[in-house]
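As structure tokens, the structure follows; a few thoughts come after it.
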Amino acid sequence: MGSSSGQSNSYDLSFKILLIGDSGVGKSSLLVSFISASTNDLAPTIGVDFKIKLLTVGGKKLKLTIWDTAGQERFRTLTSSYYRGAQGIILVYDVTRRETFTNLSDVWAKEVELHLTNKDCVKMLVGNKVDRESERAVSREEGMALAKELGSLFLECSAKTRENVEQCFEELALKIMEVPSLLEEGSNAVKRNILKPKEGHPAPPGGGCC
Amino acid sequence: MREWVTFFDSEGRVTDSEALRKRVFYGGVEHLIRKEVWAFLLGYYAYDSTYAEREYLRSVKKSEYETIKNQWESISPQQAKKFTKFRERKGLIDKDVVRTDRSLSFYDGDDNPNVCLLHDILLTYSFYNFDLGYCQGMSDLLSPILYVTGDESESFWCFVSLMERLGPNFNRDQNGMHTQLFAISKLVELLDSPLHNYFKQHDCLNYFFCFRWVLIQFKREFEYEKTMRLWEVLWTHYLSEHLHLYVCVAILKRQRNKIISERMDFDTLLRFINELSGHIDLDAVLRDAEALCICAGENGAACIPPGTPPSLPIDNGSLYPQEDDVL
């Protein structure tokens, strides 16, 4: 499996992935670790931030648009508007802070059910910060049990050491591609994108001459 | 500097506050005198106070600050174990201050004392206004204030004054934010009907894409120096208390053709607006906002309901009727 960050048009499928979970669990760090390998001192997310990642999974070139949302509860009315049209949702908790784990089942999982537009949307539970093993407050078994209950995939990772970080996104993408309705949404998104420039807008950015 | 002293009478009163505000609005402020100017603009200093009164105020407020700060400093580890809200708040603040403006030399490096000051001031504020507590975004608002005043107690009280006006942005029910976003939609309807119609057709009338702009006064959209310049212009309340809403309209208007011709949907628009960060021409946008504000006149003012932040709330009941955040 490889990944690259080349031109924006050279992909087969385009998916929207949402990162949710309590504030400070490392959503932004996980994303930046996936994209660029550095995770130092990321400003708290206000509203939402976006990152694009192009990668090849299962022989297909994918464009992932990853939505990194603000964790604090007060912003919940805002974040609820982000779920529309997502094919994948990553629910993140911090394995060293038990409350971030219980909040996933008490609060976040309910949010997901409430706001998802495609019920086939693939969920993945991710326990972050496993590099701090001595401070662990949530066992791997508990994580797996919750994942089973939510019908989601499960991984433990460390944004800091990058352990399992790529796997989070790749396994999620693979699973999404197994679901026909999501696959269709992903390929429609690409078609829409390619059609656009023909609607009266010359020279797509970066388009070369042949 | 020489010009600055001409605004005062012999005892230190600002004789013509409107002239001062106008001067700041059009000309900006030299960094050396920002500390004092901001204290006036934010309402921490009264314009008609004398040098002596302000000196007295500073000393009284300093001890008042220490008293409030001591409320949390005196919490023992044993007490903290039985004080979940305190631990949660402190945890949120701990996490946020170490990732606030760390690329600035004022806040960079390990064990930077200014980062500790951010922490102490925010935690003290969350005791001063326990109902509102701490919310993400507050560290963004405090950071330039501490940078400008360089003093813990002064920063705290300037921040308190700012939060008198912007506190509702952080309300649990988000009503302060919703009122402002609604006012922007009304202003766009008034000042740019094609754009309004486009947003309406594309289900974008919630204006959530302006959320970050409004919540922290464009702090993430401009570089630090420009943000300070913008803030002091907004805080003059010279043409309107709500110039920031016209700034939003001005930025959107400048992007209108691109938004419409590229047929942006809600998701695309949200991303597009986010990515404008660092690419907005502040001077041009301020000129536009001023013109829009003048042009909209009373019709514009009528789009903005009474009590819309940063106006002070209309009723004096419980300002922050809310449960604490548990997350």
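Worth a mention:
- Three-way shape call for the range B:57-165 based on the alpha-carbon gyration tensor, with the a/c threshold at 1.5: oblate
- Residues whose amide H falls under 5 Å from that of A:Val57, counting only those 5 or more places apart or on a different chain, are A:Leu62, with hydrogens built in the peptide plane.
- Less than 5 angstrom separates the built amide H of A:Glu156 from those of A:Gly127, all sequence-distant by 5 or more or on a different chain.
- Backbone HN-Hα couplings from phi across the range A:147-152 [Karplus 6.51/-1.76/1.60, Hz, Gly and Pro as x]: 4, 4, 4, 7, x, 10
- Cα-based shape type of chain B, given that a ≥ b ≥ c are square roots of the gyration tensor eigenvalues and the cut on a/c is 1.5: oblate
- Full extension of the segment from B:Glu225 to B:Arg263, taken as 0.36 nm per residue of separation minus the current Cα-Cα distance, would add 10.3 nm.
- Gain upon complete extension [A:Asp120, A:Arg136; 0.36 nm per residue less C-alpha separation]: 2.5 nm
- With coordinates expressed along the principal axes, the C-alpha atoms belonging to the range B:175-302 extend over 36, 33, 29 Å, beginning with the largest.
- Label point distance in nm, A:Thr161-B:Ser59, each placed 7 Å from Cα along Cα→Cβ: 5.8 nm
- Calculated diffusion of the protein assembly as shown, Stokes-Einstein form, Kirkwood radius summed over Cα pairs, 25 °C and 0.890 mPa s, µm²/s: 98 µm²/s
- Per-residue 3J(HN,Hα) values for the range B:60-71, derived from phi via the Karplus relation 6.51 cos²θ - 1.76 cosθ + 1.60 with θ = phi - 60°, read 5, 5, 5, 6, 4, 4, 4, 4, 5, 4, 5, 4 Hz in sequence order (x marks Gly and Pro).
- In Hz, Karplus ³J(HN,Hα) per residue of the range B:267-283 (6.51, -1.76, 1.60; θ = phi - 60°; x = Gly, Pro): 4, 5, 5, 4, 5, 4, 5, 4, 7, 6, 3, x, 10, 9, 7, 4, 4
- Relative counts (whole %) of C-alpha pair distances in the range B:2-41, using bins that are 10 Å wide: 28, 65, 6
- Given charges at Cβ of Lys, Arg, Asp, Glu: the protein assembly as shown dipole, positive-most of B:Leu215, B:Ser103, A:Thr56: A:Thr56
- Positive-end residue, the range B:85-224 charge dipole about Cα centroid, Cβ charges, pick of B:Asn175, B:Asn197, B:Tyr125: B:Asn197
- When each of A:Thr117, A:Thr100, B:Thr149 is scored by the number of other beta-carbon atoms lying within 10 Å, the sequence from fewest to most is A:Thr117, B:Thr149, A:Thr100.
- Note on the range B:14-67: semi-axes of the ellipsoid equivalent to its C-alpha gyration tensor, largest first and rounded to whole Å, are 24, 13, 8.
No lab work stands behind these numbers, since they all come straight from the coordinates. Note that the structure is a prediction, hence the values are computed from the model and not measured. Virtual Cβ from ideal backbone geometry, glycine too; neighbours counted across all protein chains shown.
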